[in-house]
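Encoded as structure tokens, the structure appears first; notes follow it.
The values are calculated or read from the model by the stated rules, or taken from the named source; none is laboratory data. Values in this document were obtained by computation on a predicted structure and should not be read as measured data. Using ideal geometry, Cβ is built from the backbone for each residue, glycine included, and neighbour counts are taken over all protein chains shown. All accessible areas refer to the heavy atoms of the entire protein, side chains included, with ligands and DNA or RNA removed. Shrake-Rupley method; radii C 1.70, N 1.55, O 1.52, S 1.80 Å.
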Amino acid sequence: IGWAFKTTNMKRLGVDPGSGVLDPKIGGTDTNNDRITIEWTNTPDGAAKQFRREWFQGDGMVRRKNLPIEY
């Protein structure tokens, strides 16, 4: 299975890697619970334009969207 992420704005919403190929042996495993979760949160005032994992671990509100994967 080949896959690719697509977005309406590659400069703002990038994914690395943006595409790939799954191992052909995936058919022999349980894939019923496979999903991708996207999380987002507001950054602190004055934060540098560099991702920080701790933004998601503090007291701020973290929003998430689970996307089930269907093969």
Note to self: For the stretch 53-71, give me the residue count where each residue is open to solvent by 60 Å² or more (accessible area, probe 1.4 Å) and either modelled with pLDDT under 90 or touching a Pro at 6+ places or on another chain (Cβ under 7 Å) (or both).
What the structure shows: 3
Check: Only one of these conditions is not met by I26: (1) closer than 23 Å to L13 by Cα; (2) among the hydrophobic types (A, V, I, L, M, F, W, C); (3) modelled with pLDDT under 90. Which number is it?
Finding: (1)
Notebook entry, point to check: Looking only at the stretch 50-66, which residues are assigned to a helix (DSSP H, G or I) and either under 9 Å from W40 (Cα atoms) or basic (K, R) (or both)?
Noted result: R53, F56
Next item on the list: Output the number of residues of the stretch 15-48 satisfying the condition of being open to solvent by less than 70 Å² (accessible area, probe 1.4 Å), under 20 Å from P68 (Cα atoms) and in a loop (DSSP other than H, G, I, E, B).
Entry: 4
Note to self: If I ask for residues that are within 14 Å of the chain's Cα centre (by Cα), exposed (fewer than 11 other Cβ atoms within 10 Å of the Cβ) and more than 26 Å from Q57 (Cα to Cα), which ones from the stretch 1-14 would you list?
What the structure shows: A4, K6
Check: Between residues in the stretch 30-45 that are over 16 Å from Q57 (Cα atoms) and residues that are hydroxyl-bearing (S, T, Y) and open to solvent by 100 Å² or more (accessible area, probe 1.4 Å), which pairs lie under 9 Å by C-beta distance while being six or more apart or on different chains?
Finding: T31/Y71; D34/Y71
